[in-house]
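Encoded as structure tokens, the structure appears first; notes follow it.
The values are calculated or read from the model by the stated rules, or taken from the named source; none is laboratory data. Bear in mind that the values here come from a model prediction, so they are computed numbers and not experimental data. Surface accessibility is based on the protein's heavy atoms, side chains included, excluding ligands, DNA and RNA. Shrake-Rupley method; radii C 1.70, N 1.55, O 1.52, S 1.80 Å.
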Amino acid sequence: MTDTEVGSLAALLQELKDRTPFSYSALAKRLGVSPSTLHRYCRGTTVPADYAPIERFARLCKATPAELAEVHRRWARAYAHRTPAVPTAPATRDPQAGPASRPAPLPPTPGASAANGPGSVPSARRGAGRAARLVIAAVALALSAMAPGAARAPSGPARATTESTPTTCLVNVGTERRRCFSTFREAIAASTHGRITNAPVSARKAARDRRLIDRLREPTTTGRQEVRLGILYQGRNYGGNAWVITGGSTCKIGNGRDHTLGLSSQRNNGISSVVPVNCWVELFAGANQTGPRQEYHQTTPHIGDVMDNQAESAAFL
């Protein structure tokens, strides 16, 4: 690779890194690479074949959209002129050997020569015959299992799918009480005291239902007031388990942090997407609203690599 192209990329990466308070070790841990690998990126001794770690690094360093575009441009140029770390040498042959010949056939299976005499069935045919008989036996076994009165395997293990089905939990910021339901619809019916009973069964589908989100912004006044502050999702694109965060009051613009909540004990850091409802959502990498933080003002299918699966606490404002 040319020193100019690689040096240009390395200089930009180093500039981005120097803007952060993080060490190589801290950044490498978030990127999922070793500190020495990240150091090689910034020194220009290595250009990764995949742009993904470079992009994640730039985003961790809070690169602007223009800087992200420049990082990609420089990486593409450096990668295009790279020198493979382990060059592949062309196959060589002895010049005295004459023209290249076709590869020699594989040696016969031990014992096959004697068996494959005149009039005998070649080993390949016999192997194919055995495979065909195995297939026929497997089909017969499957058909016998489907016959009326056939013995059935215990149904216990098959229930694993049901047990792993995503759940939706209601979590109150005041008491941190958690109530979990098998469907999003059931959770919302409980949260609204029966006012909304036709919410989507899937929490993933609910995240894209703007009409539903507008309905969720209305406070529940039957009995004790309950307000939906936001929805946190375990997976990207609103997958996995969901937590509907509720409170006794909505958030007021300019009022600072109206509600706070610890996340590590209940959600095990597993938050990757968010849906603000009555409040903006602010996630923190540290407990008690400390450490790196990020605000989310709108439905966000991926909260970003810096905070993805890192949130220890949250605030609603």
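Cross-link reach is defined here as a Cα-Cα straight distance under 16 Å, omitting same-chain residues fewer than 8 places apart; for Lys17 the lysines meeting it are Lys29, Lys62. For His72, the solvent-accessible surface computed with a 1.4 Å probe is close to 80 Å², ligands and nucleic acids excluded. Heavy-atom accessible surface of Val201, to the nearest 10 Å², is about 80 Å², with a 1.4 Å probe and all protein chains retained. With the whole protein complex present, Asp305 retains an accessible surface near 40 Å², based on a 1.4 Å probe.
Couplings 3J(HN,Hα) of the range 21-28, computed from phi: x, 8, 7, 4, 5, 5, 5, 4 Hz, in residue order, whole Hz [Karplus 6.51 cos²θ - 1.76 cosθ + 1.60, θ = phi - 60°; x for Gly and Pro].
Separation of the range 269-317 from the range 11-76 is 23 Å, based on Cα centroids.
Residues whose amide H lies under 5 Å from that of Asn172, counting only those 5 or more places away or on a different chain, are Arg177, Thr246; hydrogens are built 1.01 Å from N in the peptide plane.
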